[in-house]
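The values are calculated or read from the model by the stated rules, or taken from the named source; none is laboratory data. Because the structure is predicted, anything quoted here is derived from the model rather than measured. Neighbour counts run over all protein chains shown; Cβ positions are idealised from the backbone, glycine included. Side chains included, ligands, DNA and RNA excluded: accessible areas come from the protein's heavy atoms. Shrake-Rupley method; radii C 1.70, N 1.55, O 1.52, S 1.80 Å.
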Amino acid sequence: MGNRKPLISGNWKMFKTCSEATEAASQLAKLVGGVSDREVMIAPTYTSLALVSAAVKDSIVSVGAQNLFWEDEGAYTGEISADMVTSAGCEYVIIGHSERRQYFNETDENVNKRIKAAIKGNLKPVLCIGETWEEREAEKTFSVLDKQVKKGLEEFSLSDLGSLVIAYEPVWAIGTGKTATTDQAQDVHKFLRSLIKEMYGEELAESMRILYGGSVKPANIAELMSMPDIDGALVGGASLDPETFSQIVKY
Ligand code: 13P
């Protein structure tokens, strides 16, 4: 796995009030206290970002936002900028999650703008990509991912992308209990690494972390992490309970 430090991240989606999020974050910080050879990140809702950041301040847990808008500021009711999430204590930001693409009309073009804004604001973007079941059945998985990566990263130069993380989340495996087999996931991760190599060269390809997401649980994390091109996980449902998530962190 080269010298890529594993990143185990939790996407809390639209779950937990401010007090629930603060409580869960404090518990998690304690539970992963002894861990040092991997990174841990949680992404609560916007309203809990500052509270969660304070709760994990002296721990190895870092905080991510679930999205951002690409403008610096302005009359954009309901939107949040890179500087705003940074000022709430974020180090990471999830971009282009399939639920955003599916329910909120996010496209490869505006995912590209969001990544640009994240990098400009010194946030580490986690670019989410993934195929639907129909696309997989039609053997379009690689072409769909190729397009999502190339359009998402359009006009970026090598020097922009040192902190980029890619999360491969097959849409059909999210929240369904249907996990890609480790071989299916490894095949895709290998493909993605070779795509990054072709676009930006071997050094970036070898250092970039590619996470798997989709029904990751304590029972399947170790096998996923044993694959050479799987460098971590983006966990939804199983990240909500600190005890369960800490088991995934300590796979
Ligand atoms: P689940 O782990 O609930 O399948 O969700 C995965 C996901 O969408 C993480 O971003």
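So here's what we get for this one:
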item: Members of the range 19-60 found to be closer than 29 Å to residue 104 by Cα and among the β-branched types (Val, Ile, Thr), listed by number; result: 22, 40, 42, 45, 47, 52
item: Those residues of the range 17-36 which are closer than 14 Å to residue 246 by Cβ, crowded, with 16+ Cβ neighbours inside 10 Å and of a type outside the set (Ser, Thr, Tyr), in sequence order; result: 24, 25, 27, 28, 29, 31, 32, 35
item: Single residue of 188, 216 found to be within 16 Å of the ligand (Cβ to nearest atom), under 29 Å from residue 244 (Cα atoms) and part of a loop (DSSP other than H, G, I, E, B); result: 216
item: Single unsatisfied condition, residue 185 versus (1) open to solvent by 20 Å² or more (accessible area, probe 1.4 Å); (2) more than 22 Å from residue 115 (Cα to Cα); result: (1)
item: Residue match in the range 46-59 (condition: within 30 Å of residue 202 (Cα to Cα) and of a type outside the set (A, V, I, L, M, F, W, C)); result: no
item: Of all residues making up the range 221-240, the number that are open to solvent by 20 Å² or more (accessible area, probe 1.4 Å), in contact with a helix residue (DSSP H, G or I) (Cβ under 8 Å, 6 or more places away or on another chain) and within 15 Å of the ligand (Cβ to nearest atom); result: 1
item: Evaluation of residue 201 against (1) more than 17 Å from the chain's Cα centre (by Cα); (2) away from the ligand (no atom under 14 Å from the Cβ); (3) open to solvent by 40 Å² or more (accessible area, probe 1.4 Å) (one fails), failing number; result: (3)
item: Test: residue in the range 214-221 that is within 18 Å of residue 4 (Cβ to Cβ) and not β-branched (Val, Ile, Thr); result: no
item: Helices (runs of 4 or more DSSP H) wholly inside the range 82-157 that include at least 2 residues being open to solvent by less than 40 Å² (accessible area, probe 1.4 Å) and modelled with pLDDT of 95 or more; result: 82-87, 108-120, 141-152
item: Hits in the range 164-209 (condition: touching a helix residue (DSSP H, G or I) at 6+ places or on another chain (Cβ under 6 Å) and without any contact (Cβ under 8 Å) to a residue 24 or more places away in the chain); result: 197, 205
item: Cβ pairs under 9 Å, 6+ apart, first in the range 1-28 and basic (Lys, Arg) and within 16 Å of the ligand (Cβ to nearest atom), second assigned to a loop (DSSP other than H, G, I, E, B) and open to solvent by less than 70 Å² (accessible area, probe 1.4 Å); result: 13/45; 13/66; 13/97; 13/236; 13/240; 16/44; 16/45; 16/240
item: Looking only at the range 241-251, and only at residues there that are of a type in the set (Val, Ile, Thr) and within 12 Å of the ligand (Cβ to nearest atom), the one that is surrounded by the most Cβ atoms within 10 Å (Cβ to Cβ); result: 248
